[in-house]
1. Report the FRET efficiency, 1/(1 + (r/R0)^6), for Lys124 and Ala36, where r is their Cβ-Cβ distance and R0 is 35 Å, rounded to 0.05.
2. For a quick check of understanding: with a 1.4 angstrom probe and all protein chains in place, what accessible area in square angstrom does Ile19 have, to the nearest ten?
3. Mind running the shape call on the range 91-136? Use the C-alpha gyration tensor, a ≥ b ≥ c as the square roots of the eigenvalues: rounded below 1.5 for a/c, prolate if a/b tops b/c, oblate otherwise.
4. If each residue of separation counts as 0.36 nm, what is the full-extension length gain between Lys153 and Ala62 once their alpha-carbon separation is subtracted?
5. Once you list every other residue whose beta carbon is under 12 Å from the beta carbon of Glu112, what net charge do they have if Lys and Arg are +1 and Asp and Glu are -1?
6. Going from most exposed to least, what order do His110, His122, His83 have by accessible area with a 1.4 Å probe?
7. Run the reach check for Lys59 against lysines, Cα to Cα strictly under 16 Å, same-chain hits fewer than 8 apart removed. What comes back?
8. So for the pair Arg75, Thr99, with labels modelled 7 Å out along Cα→Cβ, what separation do we get in nm?
Amino acid sequence: MDPDAVKSTLSNLAFGNVIAAAARDLKKEMVAKDKAQAAPASHDEVDLDELLDDPELEKLHAERIAALKKEAEKREVLKRQGHGEYREITEGDFLGEVTGSEKVICHFYHREFYRCKIMDKHLKALAPVYVGTKFVKLDAENAPFFVSKLAIKTLPCVILFK
């Protein structure tokens with residue numbers, strides 16, 4: 001047998017298999033499309049009056065409303081404690097602010113450092129979003145005791161107190 005003839009026959013068989021597979025796939029797609037078109041487009045209608053009188057649904061609704069009210073009250077309490085805003089504190093206020101809340105982010109900054117101003121901008125944007133965390137800033141020049149105790153070497157420095 002001629003090697004070229006064998007190669008030609010094998011490639012023709014492989015090409016035939018590809019064509020046959022493509023034809024099977026096309027047939028499957030056409031059958032699926034026909035079934036989709038033949039299926040009735042009607043859906044079961046839901047009786048809204050039945051849903052409104054459902055005691056389980058009413059119970060879920062009442063639980064959700066109670067949870068939302070509780071969450072709103074918690075947010076109000078946190079806002080009264082200074083959460084949701086980004087403000088400057090003094091060295092004397094530092095311990096009271098940090099120990100008075102569960103999570104506090106403190107930015108030690110210098111008024112004239114450009115990078116501190118960039119950090120300020122970002123923390124100011126984050127404070128209203130994360131009400132559960134108190135955001136404060138402390139001028140490092142006016143707080144030498146805490147700068148030395150916390151071993152702050154570079155500015156800006158952001159520390160999370162938990």
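The values are calculated or read from the model by the stated rules, or taken from the named source; none is laboratory data. Predicted model, so just to flag it, every value in this text is computed and none were measured. Don't worry about glycine lacking a Cβ; one is built from the backbone with ideal geometry, like all the others, and counts go over all protein chains shown. Surface accessibility is based on the protein's heavy atoms, side chains included, excluding ligands, DNA and RNA. Shrake-Rupley method; radii C 1.70, N 1.55, O 1.52, S 1.80 Å.
1. Details: r = 54 Å, r/R0 = 1.55.
Result of the calculation: an efficiency of 0.05.
2. For Ile19, the solvent-accessible surface is approximately 90 Å².
3. Numbers: a/c = 3.69, a/b = 1.31, b/c = 2.83.
Oblate is the answer for the range 91-136, as a/c is 1.5 or above yet b/c matches or exceeds a/b.
4. On the way: separation 91, 0.36 × 91 = 32.76 nm, distance 5.31 nm.
Computed gain between Lys153 and Ala62 is 27.4 nm.
5. On the way: positive: Arg111, Arg115, Lys117; negative: Asp139, Glu141.
That sum, taken over residues with Cβ under 12 Å, equals +1.
6. Details: His110 30, His122 95, His83 5 Å².
Result, largest first: His122, His110, His83.
7. Within the straight-line limit of under 16 Å, Lys59 reaches these lysines: Lys69.
8. Each label point lies 7 Å from its Cα, and together they span 3.1 nm.
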